[in-house]
Amino acid sequence: CSSDLVAGFLLGVRTSATSVFAFVIAVTYIGYGALCHDYGFSVGWAMLSTALQWAGPAQVILVTALGSGTAPVETAIAVGLSSVRLLPMAVALLPMLKTERTKPWQLVIPVHYMAVSVWIEATRHAPAIPREQRIGFCNGIGTALVAIGVVCTALGYYLQEDRKSTRLNSSHGY
């Protein structure tokens, strides 16, 4: 029922607002945005990589490898190997989310959001949430944390740009 999905989604968003992971992700992605700036990637690319990839260690591997000239195939292998660690978490969480009527396509978004932060919060809260709301809950907490990550990626990018321009101007006596 769509009201269960909406209720679960809103609960997930509220849970993310009180989760320590909101702070951890904010600080992490400020650093990631600055890293992307220093390697010459655009702010749009940095924000899109956060939204689409959503795995901090894999993102750092991607940026530092591509930014230093590593071959794309080698980069893809390194990113893939670092992301394999999330598979056991997804496999362990999916039975907690599914109902007998759950269709495979309904699990695409929760699986995309599967990061340590979402997994910990989902496994911590899922037993107390009605099963029909659990997919919505994961989608809500994942959406909120990714949104924080995307915004903080841009913030870090522009803070780094401002820091560099301030340093450059001060070194020229302006």
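The values are calculated or read from the model by the stated rules, or taken from the named source; none is laboratory data. Being a predicted model, the structure only gives us computed values, none of them experimental. Here the Cβ is made from the backbone with ideal geometry for all residues, glycine too, and neighbour counts use every protein chain on show. Remember, those area values only see protein heavy atoms, side chains included, never the ligands or the DNA or RNA. Shrake-Rupley method; radii C 1.70, N 1.55, O 1.52, S 1.80 Å.
Annotations for the structure displayed:
Let's see how each residue does on (1) crowded, with 18+ Cβ neighbours inside 10 Å; (2) under 17 Å from residue 107 (Cβ atoms):
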{"residue": "125", "(1), (2)": "no, no"}
{"residue": "129", "(1), (2)": "yes, yes"}
{"residue": "134", "(1), (2)": "yes, yes"}
{"residue": "137", "(1), (2)": "yes, yes"}
{"residue": "141", "(1), (2)": "yes, yes"}
{"residue": "145", "(1), (2)": "yes, no"}
{"residue": "148", "(1), (2)": "yes, no"}
{"residue": "154", "(1), (2)": "yes, no"}
{"residue": "160", "(1), (2)": "yes, no"}
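- Condition check for residue 77: in a helix (DSSP H, G or I), of a type in the set (Val, Ile, Thr) and either open to solvent by 60 Å² or more (accessible area, probe 1.4 Å) or at pLDDT below 90 (or both): yes
- Of the residues making up the range 96-123, those that are open to solvent by 70 Å² or more (accessible area, probe 1.4 Å) and in a loop (DSSP other than H, G, I, E, B) are 98, 100, 101, 103.
- Checking each residue in the range 13-25 for being crowded, with 17+ Cβ neighbours inside 10 Å, assigned to a helix (DSSP H, G or I) and within 15 Å of the chain's Cα centre (by Cα) picks out 13, 16, 21, 22, 25.
- The number of residues in the range 33-74 that are buried (at least 19 other Cβ atoms within 10 Å of the Cβ) and polar (S, T, N, Q) comes to 3.
- Within the range 50-60, the residues that satisfy the criterion of being under 10 Å from the mean Cα position of the chain (by Cα) and either among the aromatic types (Phe, Trp, Tyr) or within 22 Å of residue 162 (Cα to Cα) (or both) are 50, 54.
- Test: residue 42 is among the hydroxyl-bearing types (Ser, Thr, Tyr) and at pLDDT below 95: no
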